[in-house]
Amino acid sequence: MSHEISITGQITPDQVPMLAENGFKTIINNRPDGEEPGQPTSADIEAAAKEAGLAYKEVSFAGSELNQNHVEEFADFFNQAEQPVLIFCRTGNRSTGIYEAAKRMDLLDD
C-alpha cells in the first residue's frame, strides 16, 4: 500500500472543513507555535480538526532540530493514522524532511 499524503505550508483553522470535504482524514502539524506573528495555534487547528471529524497530531520542531524522537513519534502516529494524511509546517520543508527521514529509517508501514 502506498501512502496517501499531501505536504503543504501553514494551514488555518478556517481551511480545515474544506480539507475534510476534500477527503483528508488526518492532519499532522510539524510547526511549533509562535514562530511568527499571526500564526494560528496548534490548539486552534486541532479544535477545527476535531469539529470536522479529522484526527490531529502535533509533532513540532524547529527547522534544524529534527531528531530521532520526533521521527519515531511521527512514524508511530502516521502508521495508525487514517489516510489520506495532510502534513504541514511553515513551508512544507520540515514536513517533507520528517516524512523522508521516517521512510529512510524504515519506520513507516507499507
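FYI, it's all coordinate maths here, none of it is from the lab. This is a predicted model, so every value here is computed, not measured. When we count neighbours, we look across all protein chains shown, and the Cβ atoms used for this are built from the backbone with ideal geometry, even at glycine.
Quick look at the numbers
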quantity	calculated
Within the stretch 3-60, considering residues that are free of Cβ contacts under 8 Å to residues at least 12 places away in the same chain and closer than 26 Å to E72 by Cβ, the one surrounded by the fewest Cβ atoms within 10 Å (Cβ to Cβ)	G34
Members of the stretch 61-98 found to be in contact with a strand residue (DSSP E or B) (Cβ under 6 Å, 6 or more places away or on another chain), buried (at least 16 other Cβ atoms within 10 Å of the Cβ) and either in a loop (DSSP other than H, G, I, E, B) or aromatic (F, W, Y) (or both), listed by number	F77, A81, F88, G92
Boolean, A101 is farther than 25 Å from P13 by Cα and crowded, with 17+ Cβ neighbours inside 10 Å	yes
